[in-house]
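The values are calculated or read from the model by the stated rules, or taken from the named source; none is laboratory data. In this text the structure is predicted, and so the values were computed from the model without any measurement. Because the Cβ atoms are built from the backbone with ideal geometry, glycine has one as well, and the counts that use them run over all protein chains shown.
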Amino acid sequence: MRQRERQIISHWQRTLAVPPIAAMSLVLCATAAIGAEKNYTAAFEDAFNMTMPAAWSQKYPATQIIGNLYDVGGYDLSSFLITSDAGHILINTGLEGSAAMIESNLKSLGLRMADIKILLTTQAHFDHTADLALIKEQTGARLLATEADKLFLEDGGLSDPLIGGIESFRPVTVDDVIRDGDVIELGDIRLRVLEHPGHTEGSASYAMTITESGNSYHVLVVNMAYINEGVNVAIKPTYHGIGADFEKTFESQRELSPDIWVSSHKSAYGFHEKHAPGQAYDPRAFYDPTGYIEAVRLHEVTFVNKVYDELLGKIADNSKAGEVNGTK
Ligand SMILES: [Zn+2]
């Protein structure tokens, strides 16, 4: 893992180390200091005593992944645009302020924000959702989400079992609920919905086939089953059923065999190893079926280790309690 990825992940992990109740009192001070105009990013940073990684708000040029799929997000936080003659689909925003960067990236491709018709997200965490409300307002696009993530999107992350207790982004209304196996159609786009819960209760991935220069590619926009610091999957689970959700996701992801896969963070799918700024378009630049299998395996091994750690921790706690009680 590269240094930058480690920095990004450790920032995110530190984010989650503060209990929501402590965070709530801190955020109240933060919001009062800011005044009427709510700045979710600053409030979150104050509440959790952290600074967002610079790479999360760093601009990056729009990049054609393959065919009509582009990454129009920033240096690390991906936003995916799928284009068609009938309008476009946008998957994910970044932090607050990312809408302007997405717009300038669309302009660089000769495209207009106004032609975004459908909004989606891979997970209802603020680093992928913060500007959904603004973009929806600007474009009139319909926001589709899984049932479980609808709740978090509509309350701005307030009820998130891990980093809830505060609004971490502007709440946004979901127009329609999408389910595993649904196919989202727009022009000639056919995007299959895959529910991949665990990272958030309603995390989702999206699969499609893209034909380029006579070759068909299985393409996957995947939400990897990453376990945030502070999450419990077995003992005192972060939410009821989280362990089974992760297992269901691994089962589904093991069965997929994308030729090209992209994910919510550029660092998670090796973007910067696969592509340099200004590099000429090559439909095979992101061709990486092996990397996908390895990434799924790595997350699954991490999950299994996490279950063991939690169980061993419980056994150790029980035996300590036994010693104190003299029961052994
Ligand atoms: Zn997340």
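List of remarks:
- Test: residue in the stretch 239-260 that is more than 24 Å from Ser216 (Cα to Cα), acidic (Asp, Glu) and surrounded by 14 or more Cβ atoms within 10 Å (Cβ to Cβ): yes
- Residues that are closer than 23 Å to Asp76 by Cβ and polar (S, T, N, Q), drawn from the stretch 291-328: Thr302
- Helices (runs of 4 or more DSSP H) contained entirely in the stretch 76-163, each with at least 2 residues that are surrounded by fewer than 18 Cβ atoms within 10 Å (Cβ to Cβ): 98-108, 132-139, 147-154
- Any hit, the stretch 235-248, residues being hydroxyl-bearing (Ser, Thr, Tyr), in contact with an Asp or Glu (Cβ under 9 Å, 6 or more places away or on another chain) and part of a strand (DSSP E or B): no
- Boolean, Ala234 is at pLDDT 95 or above, buried (at least 16 other Cβ atoms within 10 Å of the Cβ) and within 24 Å of Leu143 (Cα to Cα): no
- Qualifying residue in the stretch 218-238 (condition: within 16 Å of the ligand (Cβ to nearest atom), without any contact (Cβ under 8 Å) to a residue 60 or more places away in the chain and not hydroxyl-bearing (Ser, Thr, Tyr)): no
- In summary, Ile135 fulfils each of the numbered conditions (1) more than 16 Å from the ligand (Cβ to nearest atom); (2) more than 19 Å from Leu77 (Cβ to Cβ) with the single exception of condition (2).
- Those residues of the stretch 164-210 which are among the polar types (S, T, N, Q), surrounded by 19 or more Cβ atoms within 10 Å (Cβ to Cβ) and farther than 26 Å from Glu247 by Cβ, in sequence order: Ser168
- Index of the failed condition, Gly278 passing every other in (1) surrounded by 17 or more Cβ atoms within 10 Å (Cβ to Cβ); (2) more than 16 Å from the ligand (Cβ to nearest atom); (3) not β-branched (Val, Ile, Thr): (1)
- Residue check for Glu167: in contact (Cβ under 8 Å) with a residue 60 or more places away in the chain, out of contact with any His (no Cβ under 6 Å at 6 or more places or on another chain) and either assigned to a loop (DSSP other than H, G, I, E, B) or of a type in the set (A, V, I, L, M) (or both): yes
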